[in-house]
Every structure is written in C-alpha cells, then in structure tokens.
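What follows is a single structure, written as structure tokens, with notes after it.
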Amino acid sequence: MKKIFIILPVAITILFSNCQKDIIVPQPPYNSRVSIQGLMEPDSVPVIYFNKTVPYFSNSTNTADLVIRSATVKIINGSSTDVLTLDSTLNRINCKYIYFYKGTQTVQWNTTYKLSIISGSETYTATTTTAVPPVIIDSVSYTSTFKDIYGEHEGVIVYFRDIPSQTNYYRYEMLRPVDATTKFRESPLVTPCLGYCLPTSISCAISHPSSI
Amino acid sequence: MQLIKGGFPAKYGGRLSSILDITMKDGNKEKYQVEGGIGLLSSNLTIQGPIIKNKASFIISARRSYIDLLLKPFLPKDNKGTTYWFYDLNAKVNIELGKNDKLILSAFNGKDNAAYTGANSLNYGINLGNSTATLRWNHLFGNKMFANTSLIFNEYHLGLSTTQGNYYSLLYTGVKDVNGKTDFTYIPNTKHMIKFGATYFYHTLYPASFSAKIPKMGSKVSINKDSIPHKYSNEMAFYANHEWNITEKLGLNYGVRLPYYFTSNKAYLLFEPRVTAKISLNKTTSIKASYTVMNQFLHLVPNSTASLPTDIWIPSSALVKPQNSQQYTLGLFKNFKDNSVETSVEVYYKSMKNQVLFKEGTQLTLVSNIEDALTFGNGTSYGVELFIKKNIGKLTGWVSYTLSKTDQTFAELNFGKAFPFTYDRRHNLSIAATYDLTARWTLSADFVFHTGNAFTMPTGLIPVTAGGSLYDGYYYDYSSRNNARLGAYHRLDLSASYKKTRKFFKWKYESELAFGLYNVYSRKNPYFVYLTVDPVTGQRKAVQVSLLPIIPSISYNFKF
C-alpha cells in the first residue's frame, strides 16, 4: 500500500503540469503584399497609407519600416489631379511615427474620385464617390450600458431609415465636446513623447525624440 | 462492436463516414456476477445476473474518474482552474417473453468535463454528455425470419467556453433524437440473407454560438441552453438488402435505401444504391469491391478555423441541402499460416457534395441566424489502408496504416481553391501487441501516430491606420485556409497484468493486478494552438496546449 501512495501524488502532479509551450508553426516563406488604406473625407485633404505587409511573427510593424516610399500616388477628380506626397505624424501615445501620402486638395461632396498608385512596375487603382445619399435620422439617444460584439459599453443609439435595395455602408463620427460633465483622468498620461514622465522613470532619458 | 469503413449495407444510413455499430453486453441469465476494478485514476463496477433464471437477466455497470478530486492538493496555485473528470453508466435488462419473443431495455449515460487555465489569460472549458435509452422487441417468425423493433431516445450536448486575451467565445450544441425502427431478417437458405426495414427519426437540434470582446465593464454574455431556439426535422428511411452467395467463390451484397427527410417547409426524397462484391481467388485470398451512396441530413460545422474543437450540429433545411457522398473501395485480403495472420490492402475514393462551412469573417451572436452565415462546397477523400493482424500464439496484435488525403472546395472560401479538410490526416498508424509472458503475466503495448489537424493562422499583418481599435490594431493576411498543421500526435502506452484465482472466505474469485503507463515518453501532443503576444517583449508567438503527459496507473480488478 505504501508504494501506491508514493505513486499517487507523482502521477497527479505531472498530469496537468507543463501543459503549454511556445512552438514554431512551420510556414512557407512569406511574400509581402501591398496594403492600401485610405479615407476620402469631405472637407479634409486625402490621406492614403501605402505599405507592405510583414510576416506575422515579424517585429517590424512600424509604418516607418513598412511604408513604400517611392510610389507615385494620385487622386484624380475629372481633369484635376492631386499628387500626394509622403508625410508623417507622431503618435504621442506609442511614440511612433506614422507615414502616409497626403494630398493638398480638399475633398468635396458629391464628387467621384479615382485613386492611382504606381509603384515599380505595378499600378493600383480604385474609385470611390462622396455622392452618398443622406439618410434621415429618426432619433438619437444615449445609453450607459450597450451590449454588442465589442462587449458592454456606453453608446449613442441612432435610428435611421436604410434603403433596402442598396448595398451601402455607414460611418458615424461622434463629437464629444468638453463641458462640465466631462471627467478627466486624475494622473497625467505618461509617455516619453508627451513630455511627462516620472522623475525615476527610465523613459525620461529618451523623451522628446528630436527628429523623424 | 463492429466497424464498417466501406461497402455499407443498406441497413445503415444518415452519415457519410464510417459506422461503429455497438451492441451492449447481455447480463448473465444463470448466475450472479460482480466484477470491477479499483484504480489510481478511475474505478468501475459491473453487476449482472438473472432476474428470473434463464428467462430474464440484468447488467449494470458504472465507471467514474476521480482525478479531479485527487488533483486539487497537488496543483500549482495558479492552475486551480484545471480539471478533468468523466463518468458513464450502463444498464441492460433482457426478458424472454416466450419462445419467440424477447424484450430488451437498455440505457447509457455518460459525461465528460474538462477545464484548463493556462498562462496568457487563456481559459478553456468543455462539457459534453450523451444519454440514450432503448426498448427493443425481438420476435422470431419461425426459424427463417426474425425482426427487431426498437424505440430509441438519444441526447447529446457539447458546451464549450474559451477566453483568450481580450476575447471570449461560447458554444453550445445539442441534439435530441426520438427514433423508432423495425428491422427484418429473412434467411431462406445458406445462400441468401435478406434484410429489410424502416426507420423514423424526430430530430431536435439547438445550436448556439457567440464570440465577443471581453467587456470593460459589466458581465459577459452567457448561453442559457433552454433559451436556444429549437430546430425540428423528420427523417425516415426504407431499405432492403440481399446478401447472396452466388457460388463458393462469388458473393454479392446489394441493396437500396430510400431516405425521406422533411421539415415544415422542405422535403428531400433520395436514393442510395449499395453494392459489394466479393471474389474468392482461393481459400486464403479474396478481392472485395464496393460502391455506396450515402446522405447525411445533420451537419457538423466547424465553428472556427482555429485549432480548437468547436463544431456545432445543424439540420438540413431549404437552404442547407443534405450532404451526399459516393464511395468506391477495392480491397485485397490474404491470410497466411492457417489463417493465423490476416492481411489486407484497401484503396478508397469518396466524393462529397453539399459540404457546409461558415463564411469567412463570421462572428455569430446569440441572435444570429446561423444559416445566413453558411457557405456550401464539395470535398474529396482518397487513400490506401494496410492492415496486418496476428491472432494466434504468445504474441498477438495488429498493425494498421492509412495514407489518405481529404480536401474541400468552396466557391466563397480560399479564393475558390481546394484546401485541406480540418481533420485531414495524411498518415495514421496504429500498432497493438499483446504478449503472454507466463500463464499469469501478460504484457501489452499500443502505439498510435497521426498527422495533426489543419487549422488557419495568419501569415502576415499590417497595422490598421484608421479605426484600428476595432481590430486590435492589425489587419491579418491569412494567405490560404487551413494553412497550418498541429504537430503530429504520437503516443506509446505500456501495460502489464498479473492474473490469479484467489479465495475470499469460501468464494473463489479471479483477480487481476494491472500496471499501466500512458504516454510512456510523455509526448506533449497538441490539443490546440493559440496565438498571443508576450506582455513583456511584445513579441507575437504561437503557444501549444497539450493534455495528459505520462500517467502511471495501477488498478486491481476482480470478478466473482
């Protein structure tokens, strides 16, 4: 009987121990693809993100590494052509520069635009329109607890009439002005780029990057 | 227990794949018997005997694992959510009502429950169970014909919950079947055996699936199985089958099955011819060829392309057509050494229509209409099976190897190109051996190896530059569907048993002391793989979860 009781804890302890391990999943060599992301927003200048994808396990996910710099990016509106130039902005939360091609001509309502990108021997084109019929909003209300696939959160509920025969998409923009009900976080957000840091933080030493 | 892999007789239907026909053991009509086993990880007990001597008998057996109870004190503190247990109960009563009539009542209930809590906020829980009850009446019409008429109730459910990182998913799939059937067997002489009958199923299915981001506040959604909408359907079938020994060297088994499936707004009447021919080349060699058509009205749909087992059952409907297969097999069978060694080689080809999968990007909620998210395609499966079995001698056992390929093609998936089926297994090897060392000592070894399941994982990515918070900041490039494989599964089990007849007061009983080693070299076989980001380094990585490393066991079995 004594032997049984020696085996018992040994068997049980090893049963569910070390159940996880990091592995390398064999994958064929990855060929980067082109990624084009853009938004034509009326009353703003066009912004196009033209990057190459990287292997899933790659560490290089900064757009500074991914941007395809030598492309010719144009937004064409009839006889008018806006040649976009490479620009960047600093994301002050994660301290990363984001690269994009930026135009100079403001996007107009009720206009059809053609995108043309020439990169090496490849040409990529797309067409879109800002001539989207407005929909009538029936009502708008606020809820503090709204459940959807993104979990439970507060939200604004908008009721409007969709046109059933059309395949269309809607984009909402919600502006929240600062007023007396707005609550601010008690402690300042600390990132090296925002210029706030704790005196003991190592990040003080690398704050305020000086150049792009 | 009988496994039918091809050349299915017309008696069987409703599935495209192989058939495992299980018959429960009858109770002893003459004397009471108690047998059981007390083990380190589980125990079992079986009691059987006559209710009325030589007229009615019963058998009851029960088994329960208690690793969950023993586990608690020894688990690391951060691993309290990990557990595993199962139990099953069997009962059967046989009553001879007269010279020509027999009544059989049987029931089974079994449940499995496993939970796993790992690092990286991974939680995984699975709960599945099956209950069945059968009332069967066996009637002899003279000495050439008999019939079995059964009323069967069957219930199955699978509940699954997964939490990983910022996301969680829930799944529940339940099936309830009420089935009535009658099977006639007519044997006019030794050359002919004719089987015919009818069956009727009333299916009730209740699948639900949900996946979402974990809410920043408030509670997570849970699935209440009682509130899942039920889907009802009816399945009938009529069949006739003739087994005909035309000559000593030529045998034919042919038949037809007519399934009729209907719901409130759709009906399918189908035709399933079946034929198997056997040619004996000599006393030890034969060739067998078969052609069968099968239909399946209940569909098992993988709920995700991840490596987790997340399949749900849905019924056929006006939109979801029955799955259909045509299977061809050809086999060569050869026995050696006075039939003590059996060998065979078989090839098969199966084409499948109306396969069902979810569309790309499907994210179900509890109010989703599951059918709206489905897409349909075809599949093929082919392979070769080799089998060697040694029946006689101190060393007995068998070796089985299958080389196969199964893929699917869907117009709306993988750019219309063929991709591997989730359970496609290129290699499948099983070896089982038993060696009688002495009259009392027996040694056994089992080895299994098979290719890992296919699953889909991203091969590339790009940061989302606008509205990225909805996608956790990245768009993923998947290149192709089921583009990755779990590692191969292989395991060696060893056991040794010592049998002896012993005395307990005035009773003699047979005892067996069994020692076992499960997963001898503690292979970390993949259960599933998930992708995560190292919280410290920010490096993306794949993590494999394995269950059941080496497990020593000891049990004491007895039979009065």
Below 8 Å between Cα atoms, with a sequence gap of 6+, how large is the relative contact order for chain B in percent? 9
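For region B:93-160, what does the alpha-carbon gyration tensor say about shape, rounded, prolate or oblate, given a ≥ b ≥ c as the root eigenvalues, a/c under 1.5 as rounded, and a/b over b/c as prolate? Walk me through the numbers before you get to the answer.
Numbers: a/c = 5.93, a/b = 4.64, b/c = 1.28.
Taking the square roots of the gyration eigenvalues as a ≥ b ≥ c, region B:93-160 is prolate.
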Hey, fewest Cβ within 10 Å first, where do B:Tyr156, B:Tyr518 land in order? B:Tyr156, B:Tyr518
P(r), alpha carbons of region B:317-396 - 5 Å bins starting at zero, rounded %: 3, 12, 15, 11, 10, 9, 8, 8, 8, 7, 6, 3, 0
If you take the charge dipole of the protein assembly as shown about its Cα centre, with +1 on Lys and Arg Cβ and -1 on Asp and Glu Cβ, which of B:Ala10, B:Ile59, A:Gln37 is farthest toward its positive end? B:Ile59
In straight Cα distance, which aspartates and glutamates are under 14 Å from B:Lys503, not counting same-chain residues fewer than 8 positions off? B:Glu512
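May I ask for the equivalent-ellipsoid semi-axes of region B:205-256, computed as the square root of five times each C-alpha gyration tensor eigenvalue and listed largest first in whole Å?
On the way: eigenvalues 610, 48, 8 Å².
Largest first, region B:205-256 gives 55, 15, 6 Å.
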List the lysines whose alpha-carbon lies under 25 Å from that of B:Lys506, not counting same-chain residues fewer than 8 positions away? B:Lys29, B:Lys31, B:Lys53, B:Lys559
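Per residue of B:518-527, what is the mean number of Cβ atoms on other protein chains within 10 angstrom of that residue's Cβ?
Numbers: counts 1, 0, 0, 0, 2, 0, 5, 0, 2, 2.
Mean shielding by partner chains, rounded to a whole number: 1.
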Regarding region A:43-191, what are the three Cα extents along the principal axes, ordered largest first, in Å? 52, 47, 31
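First check a/c for region A:86-161, with a ≥ b ≥ c the square roots of the eigenvalues of its C-alpha gyration tensor; if it is under 1.5, answer rounded, and if not, answer prolate when a/b is larger than b/c or oblate otherwise.
Working: a/c = 2.66, a/b = 1.46, b/c = 1.82.
The shape class here is oblate.
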Calculated FRET efficiency for the pair B:Ser400/B:Asp226, C-beta based, R₀ 51 Å, to 0.05: 0.70
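Using +1 on the beta carbon of Lys and Arg, -1 on that of Asp and Glu, and nothing else charged, what's the dipole of region B:307-416 about the Cα centre, debye to 20?
Working: 10 positive and 10 negative charges, 119 e Å.
That gives region B:307-416 a dipole magnitude of about 580 debye.
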Computed ³J(HN,Hα) along region A:103-118: with the Karplus parameters 6.51/-1.76/1.60, θ = phi - 60°, integer Hz and x for glycine or proline, the list is x, 10, 9, 5, 6, 9, 6, 6, 9, 9, 10, 10, 9, 9, 10, 10
Karplus-derived 3J(HN,Hα) from phi for region A:125-132 (6.51 cos²θ - 1.76 cosθ + 1.60, θ = phi - 60°), whole Hz, x at Gly and Pro, runs 10, 7, 10, 8, 9, 9, 7, 9
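Assign unit charges at the C-beta atoms only (+1 for Lys and Arg, -1 for Asp and Glu), then state the dipole size of region B:122-276 relative to its Cα centre in Debye, rounded to the nearest 20.
Details: 15 positive and 8 negative charges, 53 e Å.
With only Lys, Arg, Asp and Glu charged at Cβ, the dipole is about 260 debye.
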Name the lysines eligible as straight-distance cross-link partners of A:Lys74: C-alpha to C-alpha under 21 Å, and not fewer than 8 places from it in the same chain. A:Lys52, A:Lys102, A:Lys114
Largest to smallest principal axis extent of the C-alpha atoms in region B:341-434, angstrom: 61, 28, 16
Distance in nm between A:Arg92 and A:Ser141 label points, each 7 Å along Cα→Cβ, equals 3.8
Can you give the alpha-carbon Rg of region B:314-360 over 2.2 N^0.38 Å, where N counts its residues? 2.00
On alpha-carbon atoms, Rg over Rh for region B:89-210 using Kirkwood Rh? 1.22
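Please state the relative contact order of region A:54-119 as a whole percent: Cα pairs under 8 Å, 6+ residues apart? Walk me through the intermediate numbers first.
On the way: 92 pairs, mean separation 24.1, N = 66.
Relative contact order here is 36 percent.
Under unit Cβ charges (Lys, Arg +1; Asp, Glu -1), what dipole magnitude, rounded to 20 debye, does the protein assembly as shown have relative to its Cα centre?
Numbers: 80 positive and 52 negative charges, 695 e Å.
So the magnitude is around 3340 debye.
Which length gain, in nm to one decimal place, applies between B:Leu300 and B:Lys359 when the Cα-Cα distance is subtracted from 0.36 nm times their residue separation?
Details: separation 59, 0.36 × 59 = 21.24 nm, distance 1.48 nm.
Length gained between B:Leu300 and B:Lys359: 19.8 nm.
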I need two numbers for region B:387-456: Rg to one decimal and Dmax as a whole number, Cα atoms only, in Å. 19.1, 63
Kirkwood hydrodynamic radius of chain B, from inverse mean 1/r over distinct Cα pairs, in Å: 27.0
Leading residue at positive end of dipole, chain B (Cβ point charges), from B:Gly37, B:Thr459, B:Thr375: B:Gly37
As I understand it, the dipole of the protein assembly as shown uses +1 on the Cβ of Lys and Arg and -1 on the Cβ of Asp and Glu, about the Cα centre. Which of B:Pro526, B:Thr199, A:Ala180 lies farthest toward its positive end? B:Thr199
Using R₀ = 41 Å, calculate the FRET efficiency as 1/(1 + (r/R₀)^6) where r is the Cβ-Cβ separation of B:Phe560 and B:Asn100; round to 0.05. 0.75
Distance from the Cα centre of region B:154-183 to that of region A:32-76, in angstrom? 44
Only residues of region B:248-280 count here: report those whose backbone N is under 18 Å from the spot 7 Å along Cα→Cβ of B:Tyr291, or say none. B:251-258, B:271-279
Which stretch or stretches of region B:42-70 have amide N atoms under 12 Å from the point lying 7 Å from B:Tyr32's Cα along the Cα→Cβ direction? B:47-51
Using the structure shown, select from B:Lys249/B:Lys288; B:Lys144/B:Lys191; B:Lys25/B:Lys394; A:Lys21/B:Lys541 the pairs with a Cα to Cα distance greater than 21 angstrom. B:Lys25/B:Lys394
Could you give the C-alpha radius of gyration of region A:33-123 expressed as a fraction of 2.2 N^0.38 Å, taking N as the number of residues it contains? 1.15
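Find the Rg to Rh ratio for region B:420-556, where Rh is the Kirkwood radius over alpha-carbon pairs and Rg uses the same atoms.
On the way: Rg = 24.1 Å, Rh = 19.3 Å.
Looking at region B:420-556, the ratio lands at 1.25.
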Using a Förster distance of 51 Å, the FRET efficiency for A:Arg176-B:Ala318 (Cβ separation, nearest 0.05): 0.60
Shielding by partners, peptide A:20-33 (average Cβ within 10 angstrom, other chains): 6
Taking N as its residue count, the alpha carbon Rg of the protein assembly as shown over 2.2 N^0.38 Å: 1.18
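The numbers here are math on the coordinates, done by the rules we state, and not lab data. Because the structure is a prediction, the values reported are computed rather than measured. Quick reminder, even Gly has a Cβ in these numbers, built from the backbone with ideal geometry, and neighbours come from all protein chains shown.
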